[in-house]
Amino acid sequence: FLASGIPAVHVQPVWPFSRRLVLGLLADPGARLMLLRAFVPSLIAGALVAAGWRWRLIFWPALAGLAACLVLAWLHIEPRVTVAAYPTTFDVSPTGFAAASIVRGAGLFATDCAMCHGANAQGDGTRAKSLAVALPDLTTPDFWVTMPGDLYWVISHGIEASRGASAMPAFGRRLSSGDIWSLIDFLKANNAGFSMRTSGMWNHPVPLPRFDAICADGSAIDRDDLSHKVVHLIAADHTVTPPPAPPGVPLATIVLVHDKSVKPAGTACVTLGSAAWHAFALLVGEKPEALAGTEVLVDQNGWLRLRWRPGDPGNWDQGSALDAAIRSIAAHPLALTAGGGHGQLH
């Protein structure tokens, strides 16, 4: 409540403890069973304390037993329900996962990180074997478990190995706060693109990046103007006339372009600049020069849902198949909170 009010809502929260509870713990059936087993003795002791209000003889022994049970239960579950935390753990990225930020992060990663983490962030860079610790593969689904604020702290302050040796330098000494958040945006997009390239799907909910576009009527829009609409993204190197929307489905068509000469037509809008083209190439696991013809559907809560390329099953170039995909996504949007700590921003 305090963090969501004025003026706190306009500043980053500072987490004062070295540990935090694992978010979403109760969503795991195994974790719920573990907690129940750990606290069963405490529940029994609590029942005896309640009974002690009537039979005073057992009240104080029952209360002491309850305290002991709670302490023992916490000592048992604490390593499993809490993880390390930092002052920036609950920080929120100020970039809005913008296409320009993703592209900037890609350049920073290639310059400052790829030599150790590898070109694809798989921990296999040319210097990886000389380091004191093994580098993680940042393209696996486990990447999304880490809070963005934790990534910010680690990049900013570095990592110490045993005996005080540096396993990773503190980049906060040479990169601005905005640069570090751009690196995190790139890591998200790179992880999403690697998943799409290797499995044909995104392994975690990915938000629609922020970008600017101009429409055929001359109006300018950004991502916020697309809220509550299904978005049909088309990467094209020529002017595209958008297909009609299925009846009853609010639909916005955005044409991704890298050529300024491509103009909007009909109800479509075209992106401004080349950042959106390069960011979406990364998100769908394509090289920028091979992106033309790729289409992406985004649900009304702002999550990337489906990717289609010429030659893929589904034949989106035929109206009925595309309509069916749009209707399905409109009927089953992901929840606004689907991304957890890496979630959507609008």
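The values are calculated or read from the model by the stated rules, or taken from the named source; none is laboratory data. Worth saying up front: this structure is predicted, and the values here are computed from it rather than measured. Virtual Cβ from ideal backbone geometry, glycine too; neighbours counted across all protein chains shown. Side chains included, ligands, DNA and RNA excluded: accessible areas come from the protein's heavy atoms. Shrake-Rupley method; radii C 1.70, N 1.55, O 1.52, S 1.80 Å.
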Can you find, within the range 129-143, the residue that is nearest to R197 (Cα to Cα) among those that are among the hydrophobic types (A, V, I, L, M, F, W, C) and open to solvent by 20 Å² or more (accessible area, probe 1.4 Å)? L138
Residue in the range 271-280 that is farther than 20 Å from A106 by Cβ, open to solvent by less than 70 Å² (accessible area, probe 1.4 Å) and of a type outside the set (S, T, Y) present: no
Got a sec? Which of H258, H238 is touching a helix residue (DSSP H, G or I) at 6+ places or on another chain (Cβ under 9 Å) and not in a strand (DSSP E or B)? H258
With the structure loaded, tell me whether A252 is surrounded by 15 or more Cβ atoms within 10 Å (Cβ to Cβ), touching a helix residue (DSSP H, G or I) at 6+ places or on another chain (Cβ under 6 Å) and assigned to a strand (DSSP E or B) or whether it fails that test. yes
So, of the residues in the range 89-118 that are out of contact with any Phe, Trp or Tyr (no Cβ under 9 Å at 6 or more places or on another chain), closer than 14 Å to N190 by Cα and of a type in the set (A, V, I, L, M), which turns out to be most open to solvent (accessible area, probe 1.4 Å)? A110
Output the number of the condition that L283 fails; it satisfies all remaining conditions of (1) of a type in the set (A, V, I, L, M); (2) in contact with a His (Cβ under 7 Å, 6 or more places away or on another chain); (3) under 26 Å from G339 (Cβ atoms). (2)
Among the residues of the range 200-225, write down those that are surrounded by fewer than 22 Cβ atoms within 10 Å (Cβ to Cβ), touching a residue at least 60 places away in the same chain (Cβ under 8 Å) and part of a helix (DSSP H, G or I). D224
Verdict on R197 being among the basic types (K, R), more than 23 Å from the chain's Cα centre (by Cα), over 24 Å from A335 (Cβ atoms) and open to solvent by 40 Å² or more (accessible area, probe 1.4 Å): no
Contact list please: Cβ distance under 7 Å, first residue in the range 69-83 and in contact (Cβ under 8 Å) with a residue 40 or more places away in the chain and within 12 Å of F39 (Cβ to Cβ), second residue among the hydrophobic types (A, V, I, L, M, F, W, C) and open to solvent by 80 Å² or more (accessible area, probe 1.4 Å), pairs at least six apart or on different chains. V81/L21
Could you please tell me which pairs satisfy a Cβ distance under 9 Å, a separation of 6+ or placement on different chains, a first residue in the range 19-46 that is closer than 30 Å to Y86 by Cβ, and a second residue that is open to solvent by 60 Å² or more (accessible area, probe 1.4 Å) and among the aromatic types (F, W, Y)? R20/F90; A38/W74
